């Protein structure tokens, strides 16, 4: 039973760390902002989720397990929101994705001033 | 209640600050602050009397023994400092509301009083505590409230001066923190008296030497000693006049107290004056400080700058007294500490009255004030005379002790330098007198300062003269404090 | 020997970089950043002093016997808050300086002050 | 081994900060610097300190610097005005420090004087005398309670100082104008507002957990106060200062700050009344250990309230100043149009 | 009311200072104010004469006020030298006051109240200085005297007055702070006490080098004695109105300086130690040089008051020489010379003031032929200059005589030569003035006889030219002081006893 648990947690940890490394390489290699942000998004959510589940298997008593579950939920909630806000702010400040140079007027609304 | 006085001395002004914030109206806040400051003054008097009778008072906070908990040790030196700080703060507070009307916008007065009480608490806390790290915490309280108070000045240079003071002050405080850390690392304790016992064994190690160097440099930054004094003139010149009056008489004095406490009580006399060439270093810096500061004081156009530089020169005197490292030398420093507090607060309060009536304190605005504001100008003249050290004033007493201490050691060339220094004081004081009394006033005629200024100014001036004549009180305490410092550590 | 003192030397490098930023850089925000770094490195120095090899966090529990020293941790808790207090005050000063001087570069502020003093002197000499 | 990696990373970041010209990047790096030092503290078994450093060093100070940068501009002038003098001073102090480290006890050695003189009593006796497992909290709140009191006053002073410098008296007619802008921005922030609406209760709950968990694990007044204020700050950033001021008006928050400090002091006065020395919790109730528990709980509560109130005051002052600046710009643009 | 002598001693110091409140109170009514001043002078004179009687009858009168610093007390003790100085000062205060009444009124000086207040404070300080029992009290009153006379010197309030005041205060404060204070502190440290003792307070084993340097410090420190390098303040103080310069030159400031020199030489060093010190010789020649150079410079001065100022510098040189000769007759000569010079110089200044007020002339070149208009003043001027020169009918002869004897005893022949030469120089710069006044060569007299009218008392005489004298109170003062010069010659007995008692201790 012990060996099974440690193998699965080792597996999860391995996948998680692989995803993080790929995200890191992605940030360096990708051409422009948005693609780079996509790579960061990957590490942010999936990579850390994998590592956390791996740790869950390692954890001894229930309290630590519960705390890890809560951290996982938080990450799943906060991760995508941050990347969303990052993209919105970039887009709002006029950073266009590399290929496109003009935008069709329909889906863009100019608003007065962003808060911060 | 009597046994709890040492802690009440610090806690009462401390608790008064938030209460002041709750009493919204500035008038109420002022009365409350004045009452609290008066109470602190009363407590410091009782403490002084107790100390003179029964020697050192020790008070364990939280009921824990000394090295484990924090301990308050009050001996003659602390009691003298507590008395100076609370007296000056009470007297200066009298003139606060009138002077603030002209210098700070109405809605910020309550904040001013809160910060004033906090800086008072900080200083009392530094002086009363017997724990090294506690000194750092209360040092931060004083400095933070000082940065905020200075930045409340009406001109824009005040904010810039306050920022420079913040940068230099924080570097100084962090140096002290490093010094305390190194000391803690070598001895394992933070209590000053415990440090004094455990340091001699490790005193030959290089770490303790570095700890000593860092603490001294940190304190000298706070002290505005000669090479590290660049922040003081602007900070005192552009701060609100009440703040300058209060800080000129107390903040540098607290730093000198720290210097004396660390070199004599914590590191011990033998270490600080033999293993470290402190004596020659401080002697040269002190004398250099006197000359450079006095000469630059002569060329100033703004009077507050002028007297700020003269403060640096007077600190030079204290450093020279300190560096003699003899009982009479230390007595001279402590006396000058007490006297200089009286002199400078009187002069800066009088300048506050001038600023209140005339608006700004450039030298040319002072033309003809000798006739229009006779009482205020008389106070400045008497303050100036005691700066020079004319007999029957406070300045003469401390100059006399400094000279005897110097000649006792046989260093009469330095005694001559000191006298030449006070000669420079004659020049810049007379520059002010000549403009006030001999030039005709150009602008509109100016009324005499209101009574709320004149009463504190003239209490200080009378104290200036009284303690110049009846010196029993100040000399006795200074001697006792010097004896105790030389006698057995704490 | 090296391993033992490496820790302190790195901390000293951090402290000195903090100090360098404060002194060398004219931008006031950069100075405050330098101050924060300088203070944080002092905290690191304190905490690395408190570590005992093999000891665990000073939370008493049955099976652990060796603990690190809790006292520096208490001191640093206080020092961190002192650090943030100074930074907050420094930043408010910088904001006020930007409003009154229009710039947060040390030389420009100094130049404006000097110009104002010279103007004062000229008008007085007239 | 881990701390060497962390320290070298810190050095890299410090060098990067020196080189960087864009202030926004510098502030971000400071945040990372704070976070890395927090993780270093965890490696050094200083869990309480790590928690505070993460919350305060990485969180609030970066936030405040960001707000300051929005007001003072991002670009730093290139010229370094006195590099050699700085280098000279830095080398001297650095050399002195290195000279000082030569006789220091080795890193992590158990026989260093600090482990043998004062600290053992805390580790051995604190369970009997105070009875809470987290020794750091017991030292913080009971043995050296006055230090923490001084430190609460430090944060109170900073709060009042910032207020005194940046206080902007509220004017009625402006509030309506700002409220209108907020509503128009609703769609712009739609996603983040809904997420924060879901998150804020949990942040507040977590703050309370940290507040009362201080005795058993890392946590305590400071961290709780900072987390509580970060929830409020998040709310302010998204829903605008005027709505936040409606939730917590200026008078109330100043009252809470003053109340926190007074509450802390009153615990001490209470122990004075009962005959013990200042901050002597044994006299607070008949059984000394229960007295210690009560005392520590109360002062942690005092610390938490003060720190939360002050952090909110500081952020409100900065945000208020920023709004004032924006209005003056809008009025200027309107006149120039 | 029979006040005990001790109370009288303390009152004589406190009375002038208390009188300033009465003077300020009576500020608006000039007559009342002058009345108050004169009554105070009279009371002071009777106090001092009582004390003089007490001294003669051999009583030791001393008083202790308080201990300013541990070991340093403010205490007073009467001894002959102090008595002599106090007598002169109190008597001349009365004379100067009535002179000032006449002068101030006719010259319409503004803020006269301040003049009388500072005058009273100065006299109080002089009394304190005269009766001080130790060097510390002396130094305290020395400084009070400097500061109280500063407003007098800058009385006019003009730019020139400010310049004069600046030099006056600069030199006096500098010398007193840098040299005098240092000397006092070192003496206190070396000798252990500052109390005046007849044979000197230095123990025998103190090596002469230290006491030598101390003597130099003292002589340079006492700026008021106007030794050559530090005499600049005297001519600079000439800017002040005449009553002030008479106070300065004759009554208080300068006399205090020389009195202190005498006290230091006799009571701190003691004559026998003084004789053996290496530096005494150098200081003697310095004093001699200052006498000669001052007299030569005085000859070239065209402004009468400037000439009198430089003549004071040279006369003070005499007294310092007398002190430094370290012989009994030298000391007697110099203490008598204090009195003689006081009366002589005060008369000269009164006449200068009278000429200024009535004829608005201050240049000596314009003073040819004024003897006809102001016969009494010019006669007084003539007698006073005789006293300064030291010619028989006036008191000056005695003091010059004893000074010569002193020089002879100490077989300082160079000093004797200097004394002789300077007496000749005195004649050269003093006598021509009255001579031209009475016997102008007739040509120059005719053209400039249209003299502007003035408020002086004008008595028509047959010679067709109006006699215009100084206002009557000033005239009285001049006559009194001239008579003083003469009586001092005819009846020098009490002065001589006092002077010789200086060395033998009590009366």
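Read-outs: derived from the displayed coordinates by stated rules, not from any lab. The shown structure was predicted, so the numbers you read here are calculated from the model rather than taken from an experiment. All Cβ positions, glycine included, derive from the backbone under ideal geometry; neighbour counts span all protein chains shown.
The table that follows gives values for the structure above.
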item	result
Residues in segment E:268-302 that a label on residue E:421 would reach, taking backbone N under 18 Å of a point 7 Å out along Cα→Cβ	E:281-300
10 °C / 1.306 mPa s Stokes-Einstein diffusion coefficient of chain D, Kirkwood radius on C-alpha pairs, µm²/s	69
Inverse mean reciprocal Cα-Cα distance (Kirkwood Rh) of segment D:53-120, Å	16.9
Isotropically averaged projected area of chain B, using the convex hull of Cα atoms (one quarter of hull area), nm²	20.7
Inter-part distance where segment E:377-438 and segment E:165-237 are each reduced to a Cα centre, Å	28
For D:298, E:68, order by how many other beta-carbon atoms lie within 10 Å, fewest first	D:298, E:68
Approximate spin-label separation residue E:69-residue B:56, in nm, with each point projected 7 Å along Cα-to-Cβ	3.0
Relative contact order of segment A:2-95, defined on C-alpha pairs under 8 angstrom at six or more residues apart (%)	31
Estimated inter-spin distance, residue A:76 and residue B:201, nm [label 7 Å along Cα→Cβ]	5.9
Prolate/oblate/rounded label for segment D:1-77 (Cα gyration tensor, a/c 1.5)	oblate
Dimensionless Rg ratio for segment D:73-159, taking C-alpha atoms and the 2.2 N^0.38 Å reference	1.78
For segment A:2-95, convex hull volume per residue from C-alpha positions, Å³	68
Whole-number D in µm² s⁻¹ for segment E:58-120, Kirkwood Cα-pair radius fed into Stokes-Einstein, 4 °C, 1.567 mPa s	87
Per-residue Cβ neighbour rank within 10 angstrom, fewest leading, D:235, E:116	D:235, E:116
C-alpha long axis of helix B:451-469 to longest principal axis of chain B, angle in °	50
Fraction of alpha-carbon pairs over 39 Å apart in chain E - percent	19
Residues residue C:118 and residue E:476, FRET efficiency given R0 of 45 Å [Cβ-Cβ distance, rounded to 0.05]	0.15
Nearest-0.05 FRET efficiency for residue B:27 and residue B:301, computed from C-beta distance (R0 30 Å)	0.25
Rg over Rh, two decimals, the protein assembly as shown (C-alpha only, Kirkwood Rh)	1.08
Per-pair calculated FRET efficiency, R0 = 25 Å: residue B:327 and residue E:190 via Cβ, rounded to 0.05	0.80
Between 0 and 90°, nearest 10: helix B:132-151 axis offset from chain B longest Cα axis	20
Folded to 0 to 90 degrees: helix B:109-128 orientation relative to chain B principal axis, Cα	30
Rotationally averaged projected area of segment B:306-490 (alpha carbon convex hull; nm²)	10.7
Relative contact order %, chain D, counting alpha carbon pairs below 8 Å whose residues are six or more apart	19
Stretchable slack from residue D:25 to residue D:70, in nm (0.36 nm times residue separation minus alpha-carbon distance)	14.9 nm
Separation of alpha-carbon centers, segment D:258-298 and segment C:74-90, rounded to whole Å	25
Proxy reagent accessibility, fewest Cβ within 10 Å first, across D:335, E:409	D:335, E:409
Per-selection Rg to Rh, chain C - Cα, Kirkwood hydrodynamic radius	1.23
Prolate/oblate/rounded label for segment E:294-359 (Cα gyration tensor, a/c 1.5)	oblate
Listed peptides B:93-100, A:76-83 by packing density, highest first (mean Cβ within 10 Å)	B:93-100, A:76-83
Ellipsoid equivalent to segment E:147-269 - semi-axes via the Cα gyration tensor, in Å	32, 14, 10
Gap separating the Cα centres of segment C:42-64 and segment E:10-84, nearest whole Å	80
